[in-house]
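S.K.: Before we start, here is the structure in question, set down as structure tokens.
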Amino acid sequence: MVHDANCIFCKIVEGQIPASKVYEDDNVLAFLDLSQVTEGHTLVIPKNHVENIFSMTEETASVYFKKMPIIANAIKKAFNVEGVNIINNSGAVSGQTVFHYHMHILPRYGKNDGFDVKWETNTENYTNEHLQKIAKCIENNIIKQ
């Protein structure tokens with residue numbers, strides 16, 4: 001297992017820092033976020049130190065993401081939530097503050113539950129031709145297996 005000695009999440013994995021664990025196996029750990037933006041707010045991390053989505057291997061991703069529905073359904077059943085937001089911030093500019101890959105599962109209890117997502121549309125700024133150019137640029141940079 002690869003760990004970063006300065007990483008708070010690696011220290012949780014190693015048992016150096018306590019956490020309120022909700023799920024654990026050989027590869028994945030889920031525990032309550034101390035901020036509890038909404039009740040049941042859970043962080044899910046790979047046990048191996050991975051900084052962000054850009055450095056995650058397909059193998060790690062397949063093992064890690066396979067556990068997300070299991071944990072989300074446990075939260076839904078435990079708290080009878082109306083939905084969840086599943087959020088990842090990769091890179092400082094996106095708001096990542098702990099540089100060990102993690103997903104936030106935020107249970108949603110209604111419109112006034114203390115969490116909100118601001119989503120702005122820019123539809124009027126993009127023609128179909130422009131969208132096709134953007135799509136082609138991304139497609140051209142996908143590594144084929």
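The values are calculated or read from the model by the stated rules, or taken from the named source; none is laboratory data. Note that the coordinates shown come from a computational prediction; the quantities given were computed from them, not determined experimentally. Every residue, glycine among them, receives a Cβ derived from its backbone with ideal geometry; neighbour counts consider all protein chains shown.
Residue by residue, here is whether (1) surrounded by fewer than 16 Cβ atoms within 10 Å (Cβ to Cβ); (2) under 30 Å from Lys111 (Cα atoms); (3) in contact with an Asp or Glu (Cβ under 8 Å, 6 or more places away or on another chain) holds:
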position: Asp4; (1), (2), (3): yes, no, no
position: Cys7; (1), (2), (3): no, no, no
position: Cys10; (1), (2), (3): no, no, yes
position: Pro18; (1), (2), (3): yes, no, no
position: Leu29; (1), (2), (3): no, yes, no
position: Gln36; (1), (2), (3): yes, yes, no
position: Thr57; (1), (2), (3): yes, no, no
position: Phe65; (1), (2), (3): yes, yes, no
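S.K.: Considering only residues of region 96-135 that are of a type in the set (D, E, K, R) and surrounded by 10 or more Cβ atoms within 10 Å (Cβ to Cβ), which is nearest to Val50 (Cα to Cα)? Steps first, answer last, please.
M.R.: If we filter region 96-135 for residues that are of a type in the set (D, E, K, R), which is where we start, we get 108, 111, 113, 116, 118, 120, 124, 129, 133.
Narrowing the set further to residues that are surrounded by 10 or more Cβ atoms within 10 Å (Cβ to Cβ) leaves 108, 113, 133.
On the way: Arg108: 28, Asp113: 31, Lys133: 32 Å.
Here the answer is Arg108.
S.K.: Residues that are outside any helix (DSSP H, G or I), modelled with pLDDT of 95 or more and closer than 24 Å to Phe31 by Cβ: does region 115-135 have at least one?
M.R.: Checking region 115-135: not a single residue is outside any helix (DSSP H, G or I), modelled with pLDDT of 95 or more and closer than 24 Å to Phe31 by Cβ.
S.K.: Go through (1) over 15 Å from the mean Cα position of the chain (by Cα); (2) closer than 16 Å to Met103 by Cβ; (3) without any contact (Cβ under 8 Å) to a residue 60 or more places away in the chain for Pro18 and report which single condition fails.
M.R.: Against the list (1) over 15 Å from the mean Cα position of the chain (by Cα); (2) closer than 16 Å to Met103 by Cβ; (3) without any contact (Cβ under 8 Å) to a residue 60 or more places away in the chain, Pro18 comes up short only on (2).
S.K.: Suppose we filter region 51-103 for residues that are in contact with a helix residue (DSSP H, G or I) (Cβ under 9 Å, 6 or more places away or on another chain), more than 23 Å from Asp116 (Cβ to Cβ) and not in a loop (DSSP other than H, G, I, E, B); how many remain?
M.R.: Total meeting the criteria: 2.
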